[in-house]
Amino acid sequence: MRLKKITCAGFALVILVSVLTACSGGAASSREGQVEVSMLFAESVFNNIHDQLIEEFEKEHPNIKIKAETLPDSGLFDTLRTRISTGELPDIYQLNIGHDTTAMAEQVGYIYDLSQLDASRNFSDSIRQATSIGDKQAIFTLGLGVLGLSYNKAMLTDVGYNEPPQTWDELLDAGKKLKEKGKDLLVYSSKWETGIGNVFHWTFGKHAVNNDAFKEAYLSNNIDWSLPENRAILEEGFQRFKELNEFVRTGSFTNEYAIAQQSFTNEDAAMLLGGPWEARTLRELGPNLDFGFINMPYAPDKENAYLFIPEDGFAINAKGQHVEEAKVFMNWLFSKENYGKISEAKGSLSAQPGVGKTDEAYSDVENWLKVDKVISFANTGPIPGATWVALGNAAQEYTFKGDLDSAIDKFISEYDKTKAK
């Protein structure tokens, strides 16, 4: 997406940086004859190899210094909104193609067309199209994002599931049995916008896959929730959210993503909402953990959607003071050789054909993307991020207070504020 992802985003894609300079990413030269290029991204996005990459680049290009700062993953998009609105974007910044921040950046002229760069040719036509806004390639994505559930094989086997749950009822049954053993079924991806509404990604995805009229309205952000059949979809999602929440680890909505990942690798929870972008992080946190990755069993397989979006990537500030130097760095970073290092470090699905190797836990995910049940992450495309957060908050209100109609009406009120006209 971010989420995101999800990592996005996701889908989050998930990604951290603080702005190193004032307006439009400008920065003073660090020494005479050397240009300083500022860069903003989330701390987890390179899986801790960004210092190594920057050092290698600066050795090859001594006249360019990369000044990079990172932000907590959950704070990236809020920071981007602020920086876009105040004109304080750095020269290079992390972005999710489907997120509302991308449209904001384009509206004020901060999107440079990356199709003009040589490295653009390292991506397939379909990826270039999927990462474009209008006629501009807005980002070089770090990978292909699919939202799903990483699962601990041993913990599920311990409660009678030698294979992961295949239906919603089996998922809840596993949750009950784990709870009896003092364990949680699931930990959400915390503060991420992708995660806060969790189950609704599949609620909307299922109905978009099976109902052309809803799909058209959903993807165009123009749903009439006053129609009984559409309100019934919200009721379904709110109920599913409540049912699942009984087996979700406490703090899932407020913790940083790193805490969620640690809870999973510590075996406090049997499942983690996330995506292939976190493969290496999970391997490092739990080197002996045997885990797999599944689509949430929200509906029977033929009706269930797969949730996809290119992972977060990087954009160049078209109004930045160092566009030419930023282009040099982006061409270097997304060369096949250096992108391969990033892909290997992340273990996610590569966005460049023939580059990188997918972690074995996600080996089947590429097949998910070959069917006709693929729907975008809800909050990185059809539904603006702030409206998605309102949905998650309303669902939590219903879960803890029990007034379904009131909670749904609150969400509809927020949705209608950003509904396409």
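None of the figures in this text is laboratory data; all of them are computed from the coordinates on show. Please read these numbers as outputs of a predicted model, since none were measured by experiment. Glycine also receives a Cβ, built like all others from the backbone with ideal geometry; neighbour counts cover every protein chain displayed.
Fewest to most neighbouring Cβ within 10 Å: what's the order for LEU244, LEU349? Don't skip to the answer; put the middle values down first.
Working: LEU244 21, LEU349 25.
The most exposed by this proxy come first: LEU244, LEU349.
The amide H of SER38, built 1.01 Å from its N in the peptide plane, has LYS67, ASP91, ILE92 as neighbours under 5 Å, considering only residues 5 or more places off or on other chains.
With θ taken as phi - 60° and the Karplus curve 6.51 cos²θ - 1.76 cosθ + 1.60 applied, the whole-hertz 3J(HN,Hα) list for the stretch 221-227 is 6, 9, 7, 8, 6, 6, 5 Hz, x standing for glycine and proline. Projected over all directions and averaged, the alpha-carbon convex hull of the stretch 145-308 occupies 9.4 nm². For LYS59, a cut-off of 25 angstrom between C-alpha atoms picks up these lysines, skipping any fewer than 8 places away in its own chain: LYS67, LYS327, LYS336, LYS341, LYS346. Tell me, THR86, THR203 in order of fewest to most beta-carbon neighbours within 10 Å? Ascending Cβ contact count within 10 Å gives the list THR86, THR203.
Net charge dipole, the chain: roughly 220 debye, given to the nearest 20, about the Cα centre with Cβ charges of +1 for Lys and Arg and -1 for Asp and Glu. With one equal scatterer per alpha carbon and no solvent term, the Debye-computed log10 I(q)/I(0) for the chain at 0.13 1/Å reads -1.06. The ranking of SER252, SER120, SER376 by Cβ neighbour count inside 10 Å, starting from the fewest, reads SER120, SER252, SER376. So what's the gap between the Cα centers of the stretch 127-156 and the stretch 44-97, to the nearest angstrom? Going from one Cα centre to the other spans 19 Å.
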